[in-house]
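I have placed the structure first, in the form of structure tokens, so that the comments after it can refer back to it.
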Amino acid sequence: MKSIQIGDLKITLPIIQGGMGVGISLSGLASAVANEGGVGVISCAGIGLIYPKFSNDYRTNSIMGLREEIRKARAKTSGVIGVNIMVALSNFADMVRTAIEEKADIIFSGAGLPLDLPSYLGEKSSTKLVPIVSSARAAHIICEKWKTNYNYLPDAIVVEGPKAGGHLGYKNTQIEDDNFSLERLIPEVVATADRFAAQHAHPIPVIAAGGLYTGEDIYRIMSLGAAGVQMGSIFVTTTECDASETFKKTYIESSKEDIEIIASPVGMPGRAIGGEFLRKVKAGLTRPKRCPFHCIKTCDYTKSPYCIILALYNAAKGNLSRGYAFAGANAYLSKKITSVKETIESLKAGFQAAAGRNTPAHQ
């Protein structure tokens, strides 16, 4: 696997650990991946729930919690640490400012188009900006708007296919449509990124995400032009993952048939592991009585079947009767809990095996 350059950051292992909320990827997982040469990513979604000790105000707790997680990660690694910040978050601006103030190496931002993201950078800011898109059109719009309005181009672009876990930037009809597959998207987004890169002498590596689980997957998708990969589900079943053991077991005990597409209160489809709580949702037994957090811009609790932030928080803590696990399409391949180091060694071995099989024999 070749190293990847994101701005002035050289990342020796071209693997970005996907940001997973609520409380799945915090400083524990992020620092472990960074220590192996990849990019460790803290998810700030719902972080104010994990840090209720600072005040009675969710937004204040979110700022203080993100600060603390970045600092904890920095204490454990000298590697590259990113923060995943969803555009759909009502405290998006707070989270972006905090990540930049704390000198997070990279901000990854999706679940909407982060059209004003460069506006938060100051003259001395070192944080790199990486949008997450689900089409070449979205990549083009972001590049054009950022260049026109801020004279800035993305430092990289993550293109997330429809096999990802969590919220998906696709309509239900597109999820199983080959025209929207990651294999189809990568060359299109690479062409868009290369066009802007050539015009402005600014390299924009494209990172593939969504349903990638093995070293063979990495080899296959990088052979289509991706400079690196983003992987989430495979890191859930690691000892360093910040989720509870019960949450991790949900992955290990799942089958392919357990993974389903759900309608999220955020207004997007999502991929999750089915279970008791989602059965209650379908039966209409989970209506929220109030909204204590106002965490998502697009969520109207009077029309929502449940509070998503509480459901994800409960699941992360191990209370699967009151929540559920988001998961990628291949999460059911999880068989046991291993360390991040062992996981990455396994990915490298799979990559090398695939590369060996695809190298023409010497004449």
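When THR343, THR359 are checked against the criterion of being out of contact with any Lys or Arg (no Cβ under 9 Å at 6 or more places or on another chain), touching a residue at least 60 places away in the same chain (Cβ under 8 Å) and among the polar types (S, T, N, Q), THR343 stands alone in meeting it. Sort out which residues of the stretch 276-324 are open to solvent by 40 Å² or more (accessible area, probe 1.4 Å), farther than 17 Å from ALA88 by Cβ and not in a loop (DSSP other than H, G, I, E, B), and write them in order of number. Within the stretch 276-324, GLU276, ARG279, LYS280, LYS282, LYS317 qualify. Tell me which of these GLY267 doesn't satisfy, since it passes every other one: (1) open to solvent by 10 Å² or more (accessible area, probe 1.4 Å); (2) assigned to a helix (DSSP H, G or I). Unmet condition: (2).
Give me the residue from the stretch 32-85 that is of a type in the set (Lys, Arg) and modelled with pLDDT of 95 or more and, out of that set, most open to solvent (accessible area, probe 1.4 Å). Taking the candidates together, the pick is ARG71. Scanning the stretch 3-24 for residues that are out of contact with any Phe, Trp or Tyr (no Cβ under 7 Å at 6 or more places or on another chain) and among the small types (Gly, Ala, Ser) yields SER3, GLY7, GLY18, GLY21.
There is no residue in the stretch 325-335 that is over 30 Å from ARG220 (Cα atoms), among the aliphatic types (A, V, I, L, M), out of contact with any His (no Cβ under 8 Å at 6 or more places or on another chain) and not in a loop (DSSP other than H, G, I, E, B). The residue pairs whose first member lies in the stretch 1-29 and is open to solvent by less than 20 Å² (accessible area, probe 1.4 Å), whose second member is modelled with pLDDT under 95 and of a type in the set (Ser, Thr, Tyr), and whose beta carbons are closer than 6 Å, counting only pairs six or more residues apart or on different chains, are VAL22/TYR313.
Would you confirm whether any residue within the stretch 304-327 is closer than 15 Å to GLY46 by Cα and touching a Cys at 6+ places or on another chain (Cβ under 6 Å)? There is at least one residue in the stretch 304-327 that is closer than 15 Å to GLY46 by Cα and touching a Cys at 6+ places or on another chain (Cβ under 6 Å).
Here's the yes/no breakdown for (1) within 18 Å of VAL39 (Cβ to Cβ); (2) touching a strand residue (DSSP E or B) at 6+ places or on another chain (Cβ under 6 Å):
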site	(1), (2)
PRO154	yes, yes
ILE157	yes, yes
ASN172	no, yes
ASP178	no, no
ARG184	no, no
VAL189	no, yes
GLN199	no, no
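The set of residues from the stretch 238-253 being hydroxyl-bearing (Ser, Thr, Tyr), under 17 Å from LEU278 (Cβ atoms) and open to solvent by 50 Å² or more (accessible area, probe 1.4 Å) comprises just one member, THR246.
Going by what's in this entry, would LEU212 be described as open to solvent by 10 Å² or more (accessible area, probe 1.4 Å), of a type in the set (A, V, I, L, M, F, W, C) and either assigned to a loop (DSSP other than H, G, I, E, B) or in contact (Cβ under 8 Å) with a residue 12 or more places away in the chain (or both)? Against the criterion (open to solvent by 10 Å² or more (accessible area, probe 1.4 Å), of a type in the set (A, V, I, L, M, F, W, C) and either assigned to a loop (DSSP other than H, G, I, E, B) or in contact (Cβ under 8 Å) with a residue 12 or more places away in the chain (or both)), LEU212 qualifies.
The values are calculated or read from the model by the stated rules, or taken from the named source; none is laboratory data. Fair warning: this is a prediction, and the values are worked out from it, not measured in the lab. Reconstructed Cβ throughout: ideal geometry from the backbone, glycine too, with neighbour counts over all protein chains shown. The protein model used for the area step is the full one, side chains on, heavy atoms only, and it has no ligands, DNA or RNA in it. Shrake-Rupley method; radii C 1.70, N 1.55, O 1.52, S 1.80 Å.
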